[in-house]
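Undergrad: Mind looking over this structure? Questions follow.
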Amino acid sequence: MEFGWTAVEQMHRERIRELLDDLLPPDWEQMSLHGPGSDEQTAFSKDFCAELASRNLLVPNWPRAHGGEDAEVWQQFILGEEMWAVGEPRGPQYMNINWVGPALMKYGTPEQLEKYLPPIREGQAVWCQGFSEPSAGSDLAALRTQAVPVDGGYRVSGSKIWTSYAGHADTCFLLARVPASHGGAQDKSGIVILLADMKSEGIQVKSIPALIGEGDIHEVFFDEVFVPEADRLGEEGQAWEIIMYALQHERVGVARYEFSRRILDRAVGKLKESGRWDDPSVQEKAGQALMLCEAARMLVYRIVDGKARDLPPDAYANVARWAIVLADNGVNDFLTENLPEGLLGEDPVQQAHHQRAIAAGVASGAAEIQLNLIARRWLELPSERTRT
Amino acid sequence: MNYGLTEDQQAVLSELERLIAGTAPDGHTEPEFAPYCEALDQELAQSGFLDIAREDGFGPLDAALVVECLARAPQIVEAAASALVGPALGLPVGLRPVALVEHDPLKPARFLPRAGVLLADLGDRVLQVTVDPDRVVPVDSLFAYPYGRLETLDGLETKDVADVATLRRRWRTALAAEAAGCMAGALALVVEHVKDRRAFGRPLGAFQAIQHRLAMAAETVESCKWLAFRAAWSDSEADAALAAAFAQKRIPQFAFDLHQFSGAMGLTLEFSLHLWTYRLRALSGELGGAAAQARQAALATWPEAAA
């Protein structure tokens, strides 16, 4: 057991920090106020990710065969940690790298790989995730958007909601259900994954004004949208397996606690400057916020360690996700109580953190689902449906 | 970064588990508040596991692994201070059990009725007192540790040790590692209970209200454990305070929930949950409690010079 970094890992971290110093513009903090789905950050992410790509730092975790570097698991993770520490300048593209690309590599056809992977690894692709619907959020299997099989593909009708980045996305990783009238099963096996071109006729995107920043959440309407069969990922009936694979990558890859930790460090600096740090109750609350960040870090590291040592995945991702929700909110509560001026126009980074923290327990599935999964998979408690 | 156990660590823990299993209560023992396990204590003294931090190739992390493993067991023995505090303060091998106390050497201390030595944190120095068991007055309490106190230091061998910071740092790490083990032991007991116990036609553990709080308890156990191990590995002031703060902050809710899900059964000595929760409750108040540790963690992480 060892909790330190190797010299190579430390050098890698230093290299990324230096690069961030070079690449982030002076107004990055102000820009981060607009949120990762905003016009500004989306446009910036394309320049920034192209720079990372030119240094082999965009998709180093990918296999060489697909343009990556076969990088060590920890090297990729350190990259993500440093990106999150400064507010994730890869914007919407982090998810391409973490899970869209890997899901395509595992389940995509050669034609799909050729079409979709190059723009991702060049840092020019924006994807959105067409999962949630008005009546199917965390309960994903309840989705109702229909994909009716037609000659050469599918006609998609329905709507998605809470869709991040839809306003700028080129492609939607879309989940839809083949209706029973066309032979689709009514359970999870009736779902198909379609890689829908967002410029297709019949797609309408509506931004939903929200507390969490402009351009972050949308409603997406599909009105008889044609998606060619060639753009279906995997086979009919295979979607749930692919979703689980993708989510496994999605939830492991995000070092959100690092953003919380850095903003907490920053807040303490401000409290010292303004003379408020000497209050023992402020110190105590800062210590409590700190312990939540560090607990989340240790649990996330445990997941990454499992990947690095090629151990089978377990329910630790769910345990860590809960800890991350506590950390984001613990830091946010501390900041809101002790530095309220940050939310009164004085600190765009604090506001950006606040906006992410309040979504932490909701985005990517409600945190209560994580608690269900911890109960079931980690503690091996009986199902709620169990009757004697 | 590697969360896996080395072969040596695996061997140590495996042997330790064998010792624990070999000294487990037989089920016919009369329930007690704080049954000290002399058999396990002797096995530990002979095996040298509590001196592991002094061995070449081993260190405080290995000691913390031993402490956490022992605390998962229902048997109560003094291990944490012997394994983590004693070696750092240069106590001679075999001078144990070690009792710890703050401010006043005459205050009640855990394990004092069995202790060979008492270390008292007097603020500016550590007072090391060689304990004469005949001079210790046992103190009855609900806590699942044998407590005792000295009425006077007159006639006892004492000496001053300058290094208060080391005492406190290792005490915090020891406390966190022991709490992590106690939490794991308690949670395992209650998880089995809610799988077996049925109400309204299904196991208690099938109710979401219970599942969610036990899931939160599981996160508490895991976080506490890794923070404690990291603190032992780094042996840093900030990590130690952070680990102790986390453990102490979470203990009240953790203990409340686990007793709640055990119902009236959890209030009996027969059920044995108190063997872990009443160790935890005792630990929650040491070194000034969660607020003091959190402040210390903050001050060590963000020292004034770094302002």
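The values are calculated or read from the model by the stated rules, or taken from the named source; none is laboratory data. Only a predicted model underlies this, so the values are computations on that prediction, with no experimental measurement involved. All Cβ positions, even for glycine, are placed from backbone atoms using ideal geometry, and neighbour counts span all protein chains on display.
Undergrad: Could you please tell me which pairs satisfy a Cβ distance under 9 Å, a separation of 6+ or placement on different chains, a first residue in the stretch B:235-251 that is more than 9 Å from chain A (Cβ to nearest Cβ) and farther than 11 Å from B:Gly289 by Cα, and a second residue that is of a type in the set (D, E, K, R) and surrounded by fewer than 24 Cβ atoms within 10 Å (Cβ to Cβ)?
TA: Cβ pairs passing all conditions: B:Glu237/B:Arg168; B:Ala240/B:Arg168.
Undergrad: Would you mention how many residues in the stretch A:1-18 are surrounded by 14 or more Cβ atoms within 10 Å (Cβ to Cβ), assigned to a helix (DSSP H, G or I) and not basic (Lys, Arg)?
TA: 3
Undergrad: Of the residues B:Gly181, B:Gly148, B:Gly185, only one is buried (at least 20 other Cβ atoms within 10 Å of the Cβ), part of a strand (DSSP E or B), touching a residue at least 40 places away in the same chain (Cβ under 8 Å) and not aliphatic (A, V, I, L, M); which? Lay out the reasoning, then the answer.
TA: Numbers: B:Gly181 fails: part of a strand (DSSP E or B); B:Gly185 fails: part of a strand (DSSP E or B).
When all the criteria are applied, what remains is B:Gly148.
Undergrad: Could I ask something else about it? Could you go through the stretch A:189-202 and let me know if any residue there is surrounded by 16 or more Cβ atoms within 10 Å (Cβ to Cβ), in contact with a strand residue (DSSP E or B) (Cβ under 7 Å, 6 or more places away or on another chain) and acidic (Asp, Glu).
TA: Among the residues of the stretch A:189-202, at least one is surrounded by 16 or more Cβ atoms within 10 Å (Cβ to Cβ), in contact with a strand residue (DSSP E or B) (Cβ under 7 Å, 6 or more places away or on another chain) and acidic (Asp, Glu), which makes the answer yes.
Undergrad: Check A:Arg13, A:Arg55 and return the single one that is closer than 30 Å to A:Met105 by Cβ, within 14 Å of another protein chain (Cβ to nearest Cβ) and not β-branched (Val, Ile, Thr). Steps first, answer last, please.
TA: On the way: A:Arg55 fails: within 14 Å of another protein chain (Cβ to nearest Cβ).
Step by step, each of A:Arg13, A:Arg55 is checked, and only A:Arg13 is closer than 30 Å to A:Met105 by Cβ, within 14 Å of another protein chain (Cβ to nearest Cβ) and not β-branched (Val, Ile, Thr).
Undergrad: Is it the case, given these coordinates, that B:Ala63 is modelled with pLDDT of 95 or more, touching a helix residue (DSSP H, G or I) at 6+ places or on another chain (Cβ under 6 Å) and within 14 Å of another protein chain (Cβ to nearest Cβ)? Even if it seems obvious, please write down each step before you answer.
TA: Details: modelled with pLDDT of 95 or more: yes; touching a helix residue (DSSP H, G or I) at 6+ places or on another chain (Cβ under 6 Å): yes; within 14 Å of another protein chain (Cβ to nearest Cβ): yes.
Considered against the rule, which asks whether it is modelled with pLDDT of 95 or more, touching a helix residue (DSSP H, G or I) at 6+ places or on another chain (Cβ under 6 Å) and within 14 Å of another protein chain (Cβ to nearest Cβ), B:Ala63 comes out as yes.
Undergrad: Here's something else I'd like to know. In the stretch B:211-225, how many residues are more than 16 Å from the chain's Cα centre (by Cα) and either more than 7 Å from chain A (Cβ to nearest Cβ) or surrounded by fewer than 22 Cβ atoms within 10 Å (Cβ to Cβ) (or both)?
TA: 4
Undergrad: Scanning the stretch A:95-134 for residues that are of a type in the set (Phe, Trp, Tyr) and within 25 Å of A:Ile217 (Cβ to Cβ), which turns out farthest from the chain's Cα centre (by Cα)? Break it down stepwise before answering.
TA: Filtering the stretch A:95-134 for residues of a type in the set (Phe, Trp, Tyr) gives A:99, A:107, A:116, A:127, A:131.
Of the ones still in play, those that are also within 25 Å of A:Ile217 (Cβ to Cβ) are A:99, A:116, A:127, A:131.
On the way: A:Trp99: 9, A:Tyr116: 19, A:Trp127: 11, A:Phe131: 13 Å.
Ranking the candidates gives A:Tyr116 first.
Undergrad: Among the numbered criteria (1) charged (D, E, K, R); (2) in contact (Cβ under 8 Å) with a residue 24 or more places away in the chain; (3) closer than 29 Å to B:Ala240 by Cα, which one does A:Asp265 miss?
TA: Result: A:Asp265 fails condition (2) only.
Undergrad: Just checking, which of B:Pro87, B:Pro92, B:Pro105 is over 23 Å from B:Ala180 (Cα atoms) and surrounded by 19 or more Cβ atoms within 10 Å (Cβ to Cβ)?
TA: Details: B:Pro87 fails: over 23 Å from B:Ala180 (Cα atoms); B:Pro92 fails: surrounded by 19 or more Cβ atoms within 10 Å (Cβ to Cβ).
Step by step, each of B:Pro87, B:Pro92, B:Pro105 is checked, and only B:Pro105 is over 23 Å from B:Ala180 (Cα atoms) and surrounded by 19 or more Cβ atoms within 10 Å (Cβ to Cβ).
Undergrad: Hey, does the stretch A:312-320 have a residue that's within 30 Å of A:Trp5 (Cβ to Cβ), modelled with pLDDT under 90, over 20 Å from the mean Cα position of the chain (by Cα) and not β-branched (Val, Ile, Thr)?
TA: yes
Undergrad: Now, a different point. Name the residue that is nearest to the other protein chains (Cβ to nearest Cβ), counting only residues in the stretch A:364-388 that are part of a loop (DSSP other than H, G, I, E, B) and in contact (Cβ under 8 Å) with a residue 40 or more places away in the chain. Can you show your working first?
TA: First, pick out the residues of the stretch A:364-388 that are part of a loop (DSSP other than H, G, I, E, B): A:364-366, A:379-388.
In the following step, the residues that additionally are in contact (Cβ under 8 Å) with a residue 40 or more places away in the chain were identified as A:364-366.
Numbers: A:Ser364: 17, A:Gly365: 15, A:Ala366: 11 Å.
Checking each candidate, the answer is A:Ala366.
Undergrad: Name the residue that is farthest from B:Asp104 (Cα to Cα), counting only residues in the stretch B:276-307 that are among the hydroxyl-bearing types (Ser, Thr, Tyr) and more than 8 Å from every other protein chain (Cβ to nearest Cβ). I'd like the intermediate steps shown before the answer.
TA: We begin by selecting, within the stretch B:276-307, every residue among the hydroxyl-bearing types (Ser, Thr, Tyr); these are B:277-278, B:284, B:301.
Adding the requirement that they be more than 8 Å from every other protein chain (Cβ to nearest Cβ) leaves B:277-278, B:284.
Values: B:Thr277: 26, B:Tyr278: 23, B:Ser284: 18 Å.
The selected residue is B:Thr277.
Undergrad: Here is a list of conditions, (1) in contact with a Phe, Trp or Tyr (Cβ under 9 Å, 6 or more places away or on another chain); (2) over 17 Å from B:Val67 (Cβ atoms); (3) in a helix (DSSP H, G or I); (4) more than 8 Å from every other protein chain (Cβ to nearest Cβ), and B:Ala228 meets all of them except one; can you say which number that is?
TA: Only one criterion in (1) in contact with a Phe, Trp or Tyr (Cβ under 9 Å, 6 or more places away or on another chain); (2) over 17 Å from B:Val67 (Cβ atoms); (3) in a helix (DSSP H, G or I); (4) more than 8 Å from every other protein chain (Cβ to nearest Cβ) is unmet by B:Ala228, namely (2).
Undergrad: Considering only the stretch B:156-166, state which residues are at pLDDT 95 or above, in a loop (DSSP other than H, G, I, E, B) and more than 19 Å from B:Arg110 (Cβ to Cβ).
TA: Filtering the stretch B:156-166 down to residues at pLDDT 95 or above leaves B:156-160, B:164-166.
Now drop any that are not in a loop (DSSP other than H, G, I, E, B), which leaves B:156-157.
Selection gives B:Glu157 alone.
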